[in-house]
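Following: one structure in structure tokens, then a few remarks.
The values are calculated or read from the model by the stated rules, or taken from the named source; none is laboratory data. Every value quoted in this text rests on a predicted model; they were computed, and no experiment measured them. Cβ: placed from backbone, ideal geometry, glycine included. Neighbour counts: every protein chain shown. Areas reflect the complete protein model, heavy atoms only, side chains present, ligands, DNA and RNA absent. Shrake-Rupley method; radii C 1.70, N 1.55, O 1.52, S 1.80 Å.
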Amino acid sequence: HVFEDRRRSVEAVLSKLKEAPPELVVALGAKAAYAVHEALPTVPVVHGMVLEPDRYGLSGAGFVSVEHRVSVEDQLAHLRLFAPDVNSVGMLLMEGNDSEAARDAQRVARDAGYALKVLRVQDGRDVRGAFQRLRKDIDALWLLPDRLVITPENFRYLRDETRRLGIPLLVYSEKLVRAGALMCVAPSLEAVGEELAGLSKEILAGTPISAL
């Protein structure tokens, strides 16, 4: 029922936009940006809070985005600052997760001198066993965006186990820190909002999207 109510709410909003198409739409999140573009393909979309715009077809003509990630170098610099005794870092990723974020994280961690141990899982139910194999060889666990690994049940398990073992848990979202992870280095949402507003003003003032 919740999903159906949300779907109807989205359809109602898009229907109103179609009745009186705006000059541009500011969208927060990949789902919102994609839904607006599908409904109003000729209206410019300025979006934020999208981790990988290319993956969702949210880049190129008609789109302007505020990048929603902090460099891997900055993340590891903060890990070094707050957990200087960490020498080996573990990652859990689903088979086939070859995202730019995952590739960058592995490359930069190795370049920074960390011993990196990556285990792949084929199913979300494999996460617990994979962590038990991984935990003996790591000083910290780094969770990246991954739809199979980061489920509510898996996160709670990993949070509780890393706490019990005294292993720092590095994540990518403030929400996960509030849910119990040790730390993340994430974009300031206020700064993202300011960037979105500035870009929108420039477009409405006549600046071509291609120039932004």
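Put simply, of A140, A109 the only residue that is open to solvent by less than 40 Å² (accessible area, probe 1.4 Å), closer than 18 Å to V89 by Cα and out of contact with any Pro (no Cβ under 8 Å at 6 or more places or on another chain) is A109.
Looking at segment 146-166, which of its residues are farther than 25 Å from L28 by Cβ and either in contact with a helix residue (DSSP H, G or I) (Cβ under 7 Å, 6 or more places away or on another chain) or among the hydroxyl-bearing types (S, T, Y) (or both)? Break it down stepwise before answering.
If we filter segment 146-166 for residues that are farther than 25 Å from L28 by Cβ, which is where we start, we get 153-154, 156-166.
Result: N154, Y157, L158, E161, T162, L165.
What residue, among those in segment 79-99 that are of a type outside the set (G, A, S) and more than 19 Å from the chain's Cα centre (by Cα), is nearest to V177 (Cα to Cα)?
Pass one, segment 79-99, residues of a type outside the set (G, A, S): 79-82, 84-87, 89, 91-95, 97-98.
Still in the running and more than 19 Å from the chain's Cα centre (by Cα): 80-82, 84-87, 89.
Values: R80: 18, L81: 17, F82: 14, P84: 19, D85: 21, V86: 19, N87: 22, V89: 18 Å.
Among them, the one singled out is F82.
Of the residues L24, L40, the single one that is open to solvent by less than 80 Å² (accessible area, probe 1.4 Å) and either farther than 16 Å from L199 by Cβ or out of contact with any strand residue (DSSP E or B) (no Cβ under 9 Å at 6 or more places or on another chain) (or both) is L40. Does R159 count as under 18 Å from F82 (Cβ atoms) and part of a helix (DSSP H, G or I)? So R159 passes the test. Selection over segment 73-96 of residues that are open to solvent by 20 Å² or more (accessible area, probe 1.4 Å) and either under 25 Å from L28 (Cα atoms) or in contact with a Pro (Cβ under 6 Å, 6 or more places away or on another chain) (or both) gives a count of 2. Residue check: is R125 more than 27 Å from S210 (Cβ to Cβ) and basic (K, R)? Judged against the criteria, R125 is a match.
Each residue in segment 3-27 was checked for being closer than 14 Å to F63 by Cβ and either in contact (Cβ under 8 Å) with a residue 40 or more places away in the chain or of a type in the set (K, R) (or both), and 2 of them qualify.
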